[in-house]
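The values are calculated or read from the model by the stated rules, or taken from the named source; none is laboratory data. Since the model is a prediction, treat every value here as computed from it, not as a measurement. Neighbour counts run over all protein chains shown; Cβ positions are idealised from the backbone, glycine included.
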Amino acid sequence: MSKKKHRSKFNWKRFIKLYLTYFVLFVALCGLIDYYAYMVYNFLYFVAISAIAALAAAYTHIKKGKKDHIDEVADEIF
């Protein structure tokens, strides 16, 4: 008897909404860090780090399977 794994369909629309929400949040946070660091660092580094972090955060959020407050915020914004 083999067990079949049930693969759920990946919700790309929810992923894009969450990614953009996390990205805006991380860029704003990194912008504050850069501002208080007297703009010593290049802001593009912060944008790149924010993009990677937002991808990871959105993917793990989708895989977790629960809906949190960030889902409500993403639905209101986008």
| said: Given the condition of a type in the set (S, T, N, Q) and either surrounded by fewer than 10 Cβ atoms within 10 Å (Cβ to Cβ) or in contact with a strand residue (DSSP E or B) (Cβ under 7 Å, 6 or more places away or on another chain) (or both), answer yes or no: does some residue in segment 13-27 qualify? | reply: no
| query | Of the residues in segment 52-70, how many are in contact (Cβ under 8 Å) with a residue 40 or more places away in the chain and under 14 Å from residue 24 (Cα atoms)? | reply | 2
| request: Kindly indicate whether any position in segment 45-67 is loosely packed, with under 11 Cβ neighbours inside 10 Å, among the hydrophobic types (A, V, I, L, M, F, W, C) and at pLDDT below 95. | output: no
| So residue 35 clears everything in (1) surrounded by fewer than 12 Cβ atoms within 10 Å (Cβ to Cβ); (2) at pLDDT 90 or above except one condition, right? Which one? | (2)
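Let's see how each residue does on (1) of a type in the set (A, V, I, L, M); (2) assigned to a helix (DSSP H, G or I):
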| position | (1), (2) |
| --- | --- |
| 25 | yes, yes |
| 31 | no, yes |
| 35 | no, yes |
| 38 | no, no |
| 41 | no, no |
| 46 | no, yes |
| 59 | no, yes |
| 63 | no, yes |
| 76 | no, yes |
